[in-house]
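To start, the structure under review is shown below, and the notes come after it.
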Amino acid sequence: MDKQLELYDVTIVGGGPVGLFTAFYSGMREMKTKIIEYLPFLGGKVSYFYPEKMIRDVGGIPSVSGDEFTEQLIEQAKTFDPTVVLGRQVTTLQQLDNGNFIIRTNDGEEHYSRTIILATGFGSLKTTKLDIPGADNYENGNLHYTVRNLEQFSGKRVVISGGGNSAIDWANELESIAEEVTLIYRKNTFSGIESNISKMKNSSVNVITPYKIVNLAGERENISSVLIENTEANDQKTISLDHLIVNHGFAIDLGDIAEWGCDMIDGTIKVDSTMQTSIPGIFAVGDIANYQNKLHLIAGGFNEGPIAINSAKLHIAPNEELKALFSTNMETFQENS
């Protein structure tokens, strides 16, 4: 190294929910921790795309908005004062002769770490936009790719395009707020969670399948109606609306991390039962981690993070005994109880 860099025990790449909880547990293990996040704020895609969506699949939390959930995770992650680096995209990796790593970011900064935990989600997420000529003209008006304020849809006619979890969730959330909710999907079978699909089908949401949007009509920045077409027959319909929400998924880009040499499976990183990748000292958790019977829930990632931290601790000091760790037994929390 040309210059002396501060050495961290673990560097977590990604400041979303799983990365934040991983940082908290790392602090509990008294590991010197750094978080590097591509976005200019912590919280990941939950705070960016779903701030008002209600989260109900985390144990002990019956219901919480994405914003509130993120705020609590950030507060928890900062308990042990990790170093937080925002607005930096991780690019190249160098492993030194001593086994430690130098991570470089897009601004030329270097970060020195004994171990690395990748908590990048699926990488840099870019919304899949509506592939219709002129659609971008309405992005500053009533065409939405994410929902940040539910009240703007109060008493309005809302059309949602999509058939995955996000589209179905928004249909259910808006059903009691909007005057009318219509969901359009190009297939007859939805890909969301079964209970949410049943809830939608048994509600007042107008479900139209198998149709897709083929044309937009409107003035200036606002769409007034959409032309939809049956994907299995020669049939078209026009639907008037006040707002159009498009949930067609995301384009996934791991960036330079995909070139680090970790074994990959369908754009994700293969890990073993310790959450270690094919490169010793580098671990992966959350959506980016791939192993048999993977559970793609935030709650699943909350289990993977501590496993990775324990494994990183053993990687640094393989001859030391790793004792069981519970927050209820820690003086830090007993003093505040």
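The values are calculated or read from the model by the stated rules, or taken from the named source; none is laboratory data. What you see is a predicted model; the values in this text were computed from it and never measured. Note: ideal-geometry Cβ built from the backbone for every residue, glycine included; neighbour counts use all protein chains shown.
Return only the number of the condition from (1) at pLDDT below 95; (2) not in a strand (DSSP E or B) that CYS262 does not satisfy.
Looking at each condition in turn, CYS262 falls short on (1).
Tell me which of these ALA299 doesn't satisfy, since it passes every other one: (1) part of a loop (DSSP other than H, G, I, E, B); (2) more than 16 Å from LEU93 (Cβ to Cβ); (3) out of contact with any helix residue (DSSP H, G or I) (no Cβ under 9 Å at 6 or more places or on another chain).
ALA299 satisfies all of (1) part of a loop (DSSP other than H, G, I, E, B); (2) more than 16 Å from LEU93 (Cβ to Cβ); (3) out of contact with any helix residue (DSSP H, G or I) (no Cβ under 9 Å at 6 or more places or on another chain) except (1).
Filter segment 226-242 down to the residues that are part of a strand (DSSP E or B), of a type in the set (Ser, Thr, Tyr) and either surrounded by 15 or more Cβ atoms within 10 Å (Cβ to Cβ) or touching a residue at least 24 places away in the same chain (Cβ under 8 Å) (or both) and list them by number. Please lay out each step first, then the result.
Going residue by residue through segment 226-242, those that are part of a strand (DSSP E or B) are 226-230, 236-240.
Then drop every residue that is not of a type in the set (Ser, Thr, Tyr), which leaves 238, 240.
The answer is SER240, and nothing else.
It is to be established whether one or more residues within segment 229-241 are out of contact with any strand residue (DSSP E or B) (no Cβ under 7 Å at 6 or more places or on another chain) and closer than 15 Å to GLY162 by Cβ.
no
Which is in contact with a Leu (Cβ under 9 Å, 6 or more places away or on another chain) and not aliphatic (A, V, I, L, M), of GLU68, GLU109, GLU37? Walk me through it before giving the result.
Values: GLU68 fails: in contact with a Leu (Cβ under 9 Å, 6 or more places away or on another chain); GLU109 fails: in contact with a Leu (Cβ under 9 Å, 6 or more places away or on another chain).
Matching residue, one of GLU68, GLU109, GLU37: GLU37.
Quick one: which of GLU37, GLU75, GLU52 is among the acidic types (Asp, Glu) and free of Cβ contacts under 8 Å to residues at least 40 places away in the same chain? So that I can check it myself, show each step before the final result.
Details: GLU37 fails: free of Cβ contacts under 8 Å to residues at least 40 places away in the same chain; GLU52 fails: free of Cβ contacts under 8 Å to residues at least 40 places away in the same chain.
Step by step, each of GLU37, GLU75, GLU52 is checked, and only GLU75 is among the acidic types (Asp, Glu) and free of Cβ contacts under 8 Å to residues at least 40 places away in the same chain.
Does any residue in segment 185-213 that is within 20 Å of LYS237 (Cα to Cα) come within less than 6 Å, Cβ to Cβ, of a residue that is loosely packed, with under 14 Cβ neighbours inside 10 Å six or more places away or on a different chain, and which pairs are these?
Note: pairs meeting the criteria are THR209/ASN188; PRO210/LYS187; PRO210/ASN188; PRO210/GLU232.
Considering segment 26-46 alone, what residues qualify as being of a type in the set (Gly, Ala, Ser) and under 13 Å from the mean Cα position of the chain (by Cα)?
Taking segment 26-46 and keeping what is of a type in the set (Gly, Ala, Ser), we get 26-27, 43-44.
GLY43, GLY44, listed by residue number.
Looking only at segment 109-161, count every residue that is surrounded by 15 or more Cβ atoms within 10 Å (Cβ to Cβ), outside any strand (DSSP E or B) and among the charged types (D, E, K, R) and tell me the total.
1
Any residue that is closer than 14 Å to GLU229 by Cα, touching a Pro at 6+ places or on another chain (Cβ under 7 Å) and either at pLDDT 95 or above or not assigned by TED's automatic domain parsing to the domain that holds LYS53 (or both) - is there at least one of those in segment 188-201? Even if it seems obvious, please write down each step before you answer.
The first filter runs over segment 188-201 and keeps only residues closer than 14 Å to GLU229 by Cα, leaving 188.
Those left that are additionally touching a Pro at 6+ places or on another chain (Cβ under 7 Å): 188.
Now narrow it down to the ones that are either at pLDDT 95 or above or not assigned by TED's automatic domain parsing to the domain that holds LYS53 (or both): 188.
Yes: segment 188-201 contains one or more residues that are closer than 14 Å to GLU229 by Cα, touching a Pro at 6+ places or on another chain (Cβ under 7 Å) and either at pLDDT 95 or above or not assigned by TED's automatic domain parsing to the domain that holds LYS53 (or both).
Quick one: which of ASP256, ASP287 is surrounded by 13 or more Cβ atoms within 10 Å (Cβ to Cβ), within 16 Å of the chain's Cα centre (by Cα) and part of a helix (DSSP H, G or I)?
Numbers: ASP256 fails: within 16 Å of the chain's Cα centre (by Cα).
One residue alone meets the criteria, ASP287.
Here's a check for you: in segment 40-64, which residue that is modelled with pLDDT under 75 and buried (at least 20 other Cβ atoms within 10 Å of the Cβ) is nearest to ARG88 (Cα to Cα)?
SER47
What number of residues within segment 192-225 are more than 19 Å from MET54 (Cα to Cα) and part of a loop (DSSP other than H, G, I, E, B)?
6
Of the residues in segment 86-108, how many are assigned to a loop (DSSP other than H, G, I, E, B), at pLDDT 95 or above and surrounded by 14 or more Cβ atoms within 10 Å (Cβ to Cβ)?
Here the count works out to 1.
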